[in-house]
1. Within the stretch 167-280, which strands (runs of 3 or more DSSP E) (wholly inside it) include 1 or more residues that are within 16 Å of the ligand (Cβ to nearest atom), in contact with a strand residue (DSSP E or B) (Cβ under 7 Å, 6 or more places away or on another chain) and open to solvent by less than 60 Å² (accessible area, probe 1.4 Å)?
2. Scan the stretch 153-166 residue by residue and report those that are part of a strand (DSSP E or B) and not β-branched (Val, Ile, Thr).
3. Return the residues of the stretch 97-120 that are part of a loop (DSSP other than H, G, I, E, B), more than 17 Å from the chain's Cα centre (by Cα) and surrounded by 16 or more Cβ atoms within 10 Å (Cβ to Cβ); say none if nothing qualifies.
4. Identify, please: which residue in the stretch 127-149 is under 17 Å from Ile230 (Cα atoms) and open to solvent by 30 Å² or more (accessible area, probe 1.4 Å) and is, among those, nearest to the chain's Cα centre (by Cα)?
5. On the given criteria, is Tyr123 surrounded by fewer than 20 Cβ atoms within 10 Å (Cβ to Cβ) and in contact with a Phe, Trp or Tyr (Cβ under 8 Å, 6 or more places away or on another chain)?
6. Considering only residues that are of a type in the set (Gly, Ala, Ser) and outside any loop (DSSP other than H, G, I, E, B), look in the stretch 36-73 and name the one that is surrounded by the fewest Cβ atoms within 10 Å (Cβ to Cβ).
7. Can you confirm whether the stretch 308-322 contains a residue that is open to solvent by 40 Å² or more (accessible area, probe 1.4 Å) and closer than 19 Å to Lys255 by Cα?
8. Test Thr76 against the criterion of being over 30 Å from Leu11 (Cα atoms) and open to solvent by less than 100 Å² (accessible area, probe 1.4 Å), and give yes or no.
Amino acid sequence: MSDFLQGLADLFFGISLPTKAAENAHLVDNLFNAVLVISIIGFIGLMGVMTFFIVKYHRTQNEKSEYIPHNATAETIWTVIPMIIFVAISVFGLFEYFKMNEVPKNAYKINVTGFQWGWTFTYSKKEDGKIVSFDKNELMYLPVDTPIVLEMTSTDVLHSFYVPSFRVKRDTVPGMNSYLTFTPTKLGDFNIFCTEFCGTSHSRMRGIVRVVSKERFQKWADREYKEANITDPVELGYRLYNKNCASCHSAGANKIIGPGFQGLYGKTREFADGQSEVANDEYIKNSIYYPGRQIVKGYENKMNPWVGQLNDKDVEHLIAFIKTLK
Ligand code: CUA
């Protein structure tokens, strides 16, 4: 029924609600469609009666109108009927609101933090008595057909977490937790919007919910937990190298665009200006942060400064990795 009405509304008025992708989404749609139908009936009825009266009581038919101070029956009817309709809508809405806020006992919990301007999603679990967790920005993975509860807060101002396809929306408030629960039923990507004006980049405060199969979610989560808990500096350095450096610096001795990293650590570097220096921690750090200051002989000044993009910890990890390239 709800889908049929939705189809009609779409056909006649171009009103089309986003895909329904959560278990209770139809509750919101039912209410929306009920209000829509009542409004259409009310509008047509009102306009019909008005047109009828315009014709029937036009000045040409009745030169002088009768004097009627009030009519208790008519006034009672037009007060009581709308009142019943409006109260019914709010009671209907209230029950649905309660239903949509029941958190299932085994709901999978994710922490959501709104900030100017973005979302952080924190996944955590208990392992050997301690909590391990990882953060994701802007992209929230969810397992399909699994009840989810979001524990939400904000670091700065009010934001509001809104997923139209799930028909859920709630404010995130600094200093307190708010909760949102739903069960995604469809695979795919769905938009997250911030729907509380929160500053100049409010409109860019978006995200994606990616609903995947339970198996795929489990694999993804396992990998992320593993990734987040790597502490080996060489491994971390290797990852940073692959992500940031590998397109210009080979891990061998050959030249791609910049100097290769093999055997670099501890070697004396000759610069274009005729000076030289031993490649120690300090030298590597400066070469990453301010590459234009010392140009290795035979190379061009092509690298942008990385100060602010990598921090001292990152550089330590990179150095640990470079040291292994003997
Ligand atoms: Cu955050 Cu608008």
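The values are calculated or read from the model by the stated rules, or taken from the named source; none is laboratory data. None of these values were measured; they are calculated from a predicted model. Methodologically, a virtual Cβ is constructed for each residue, glycine included, from the backbone with ideal geometry; neighbour enumeration extends over all protein chains shown. Only protein heavy atoms, including side chains, enter the accessible area calculation; ligands, DNA and RNA are left aside. Shrake-Rupley method; radii C 1.70, N 1.55, O 1.52, S 1.80 Å.
1. Numbers: elements: 168-172, 178-182, 188-194, 206-212, 268-270, 276-278.
In the stretch 167-280, the matching strands (runs of 3 or more DSSP E) lie at 168-172, 178-182, 188-194, 206-212.
2. Of the stretch 153-166, the ones part of a strand (DSSP E or B) are 153-154, 159-163.
Across the stretch 153-166, the qualifying residues are Ser154, His159, Ser160, Phe161, Tyr162.
3. Filtering the stretch 97-120 for residues part of a loop (DSSP other than H, G, I, E, B) gives 101-107, 116-117.
Applying the additional criterion that residues be more than 17 Å from the chain's Cα centre (by Cα) yields 101-107.
The answer is Ala107, and nothing else.
4. Going residue by residue through the stretch 127-149, those that are under 17 Å from Ile230 (Cα atoms) are 127-128, 130-136.
Keeping just the survivors that are open to solvent by 30 Å² or more (accessible area, probe 1.4 Å) gives 127-128, 130-131, 133, 135-136.
Numbers: Glu127: 27, Asp128: 31, Lys130: 28, Ile131: 24, Ser133: 19, Asp135: 13, Lys136: 10 Å.
So the residue we want is Lys136.
5. Values: surrounded by fewer than 20 Cβ atoms within 10 Å (Cβ to Cβ): no; in contact with a Phe, Trp or Tyr (Cβ under 8 Å, 6 or more places away or on another chain): yes.
In short, no.
6. Narrowing the stretch 36-73 to residues of a type in the set (Gly, Ala, Ser): 39, 42, 45, 48, 65, 72.
Add one more test, that the residue is outside any loop (DSSP other than H, G, I, E, B), and what stays is 39, 42, 45, 48, 72.
Numbers: Ser39: 10, Gly42: 12, Gly45: 10, Gly48: 10, Ala72: 7.
For the stretch 36-73, the residue satisfying everything is Ala72.
7. no
8. On the way: over 30 Å from Leu11 (Cα atoms): yes; open to solvent by less than 100 Å² (accessible area, probe 1.4 Å): yes.
When the stated conditions are applied, Thr76 passes them.
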